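S.K.: The structure's right below; bear with me while I get my questions together.
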Amino acid sequence: MQFLIITGLSGAGKTRAADVLEDMDYYCVDNMPAPLMPKLAEFCMGLGGRYEKLALVTDIRDAGGVDAIFDALDRLEALGLDYKILFVEADLRTLIRRYKETRRPHPLQAEAGSLEAAVGMESERLRRLRARADYIIDTSGITLGQLQKQIFRLLAEPGTDRTLQIHVLSFGYKHGIPMESDLVFDVRFLPNPYYVPELRDKTGMDDAVSDYVFSRDEAREFLDRVVGLLDFLIPRYVEEGKYSLTVAVGCTGGRHRSVAVARALVFYLTQAGHRAELVNRDAEK
């Protein structure tokens, strides 16, 4: 079992790190009291591999402070568990700015008397724990995408795929725009196969319908322009840490034009080496 303890300075991004790890198939528990960590670990170990990747977030807010965390670590070692520690930190200026933006009090602020003093006090109390960490990430001035990259580099298993998953979804406007859409393209300007008797009962998955739709120059130009936009956007979405993208293509009923264009998009994306799948939401309605 992969057992990871996420700890560090308050406001540095421990919960955000846990969110990233959830996308990497970790089972994450936030604000975990340190004394309960060994009990949960023992419970999961007894489930025969049901929880292979477990990440627990704990910090100095525990009633026992950092000593409680060290006691929990000793008990984990007694169980024979090979755990790792991820310590998340940020510089003083960044932490103060984040607390001022969220208007939340630092957990040690009442004791320390000021926010700056509280950050310094926490940093000093966690010094021994930081020295024991297997991984240290400084979140000062980095984006979510950059944080994901760092965590992925440190903790992803060899061969793990981090490519963007693209869902190309055809739909009909009369059935509503898909709520999960990231990008929406309207192809109702294209000639409608519905008004061609021999094509009416077919869908955009049939070559005859696709050939009809793309027989017009504007259809081919539209596809080229959308492909160019996706070529520009996809690497930037990946850079920002996006894991999936839903591209919705709509026509009136979602049976002919949108399906043909969505099918062509998936073909291009797959040929270009992207992970893409086609979903025809309304083609059979």
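S.K.: For segment 109-215, list the helices (runs of 4 or more DSSP H) that sit wholly inside it and hold at least 2 residues that are touching a Ser or Thr at 6+ places or on another chain (Cβ under 6 Å) and of a type outside the set (Ser, Thr, Tyr); which are they?
M.R.: Working: elements: 109-112, 115-125, 127-132, 144-155, 207-213.
Qualifying helices (runs of 4 or more DSSP H): none found.
S.K.: Any residue in segment 124-143 that's among the polar types (S, T, N, Q): show its pairings with residues that are surrounded by fewer than 17 Cβ atoms within 10 Å (Cβ to Cβ) at Cβ separation under 6 Å, as long as the two are six or more apart or on different chains.
M.R.: Every condition considered, the pairs that remain are Ser140/Asp91.
S.K.: Also, I was wondering about something else. Condition (residue is within 29 Å of Gly141 (Cβ to Cβ) and in the same structural domain as Leu126 (by TED's automatic domain parsing)) applied to segment 35-46: is it met by at least one residue? Don't jump to the end; show me each part of the working.
M.R.: Residues of segment 35-46 that are within 29 Å of Gly141 (Cβ to Cβ), as a first pass: none.
So far as segment 35-46 goes, no, none of its residues is within 29 Å of Gly141 (Cβ to Cβ) and in the same structural domain as Leu126 (by TED's automatic domain parsing).
S.K.: Given the criterion within 15 Å of Leu183 (Cβ to Cβ) and within 32 Å of the chain's Cα centre (by Cα), identify the matching residue among Val259, Val247.
M.R.: From the options Val259, Val247, the qualifying one is Val247.
S.K.: A follow-up question, please. Lys100 versus (1) over 30 Å from Tyr51 (Cβ atoms); (2) out of contact with any helix residue (DSSP H, G or I) (no Cβ under 7 Å at 6 or more places or on another chain); (3) in contact (Cβ under 8 Å) with a residue 60 or more places away in the chain: which is the lone unmet condition?
M.R.: The one condition Lys100 does not meet is (3).
S.K.: What number of residues in segment 17-44 are of a type in the set (Val, Ile, Thr) and closer than 13 Å to Thr58 by Cα?
M.R.: Qualifying residue count, segment 17-44: 1.
S.K.: Then there is this: How many of the residues making up segment 192-206 are without any contact (Cβ under 8 Å) to a residue 60 or more places away in the chain and more than 38 Å from the chain's Cα centre (by Cα)?
M.R.: Of the residues in segment 192-206, the ones without any contact (Cβ under 8 Å) to a residue 60 or more places away in the chain are 195-202, 206.
With the extra rule that they be more than 38 Å from the chain's Cα centre (by Cα), the set shrinks to 195-201.
The qualifying residues number 7.
S.K.: Among the listed residues Tyr268, Tyr237, which satisfies the condition of being aromatic (Phe, Trp, Tyr), crowded, with 16+ Cβ neighbours inside 10 Å and closer than 29 Å to Leu21 by Cα?
M.R.: Tyr237
S.K.: All but one of (1) closer than 25 Å to Ala117 by Cβ; (2) without any contact (Cβ under 8 Å) to a residue 60 or more places away in the chain; (3) buried (at least 17 other Cβ atoms within 10 Å of the Cβ); (4) not hydroxyl-bearing (Ser, Thr, Tyr) hold for Asn31, so report the exception by its number.
M.R.: So Asn31 meets the others, but not (3).
S.K.: Given the criteria modelled with pLDDT of 95 or more, in a helix (DSSP H, G or I) and within 30 Å of Ile142 (Cα to Cα), does Leu223 qualify?
M.R.: Judged against the criteria, Leu223 is not a match.
S.K.: What residue, among those in segment 36-66 that are in a helix (DSSP H, G or I) and either among the aliphatic types (A, V, I, L, M) or modelled with pLDDT of 90 or more (or both), is surrounded by the most Cβ atoms within 10 Å (Cβ to Cβ)?
M.R.: Residue satisfying both the conditions and the ranking: Met37.
S.K.: If Asp71 meets every condition in (1) in a loop (DSSP other than H, G, I, E, B); (2) of a type in the set (Asp, Glu); (3) over 20 Å from Thr139 (Cα atoms) apart from one, which number is that one?
M.R.: All conditions pass for Asp71, except number (1).
S.K.: Could you grab me the full set of residues in segment 16-35 that are part of a loop (DSSP other than H, G, I, E, B) and under 19 Å from Phe87 (Cβ atoms)?
M.R.: Met24, Tyr26, Asp30, Asn31, Met32, Pro33
S.K.: Output the residues belonging to segment 234-251 that are touching a residue at least 12 places away in the same chain (Cβ under 8 Å) and in a helix (DSSP H, G or I).
M.R.: Once the filter is applied, which keeps residues that are touching a residue at least 12 places away in the same chain (Cβ under 8 Å) and in a helix (DSSP H, G or I), segment 234-251 yields Ile234, Tyr237, Val238, Glu239.
The values are calculated or read from the model by the stated rules, or taken from the named source; none is laboratory data. Every value quoted in this text rests on a predicted model; they were computed, and no experiment measured them. So basically every Cβ, Gly included, is an ideal-geometry build from the backbone, and we count neighbours across all protein chains shown.
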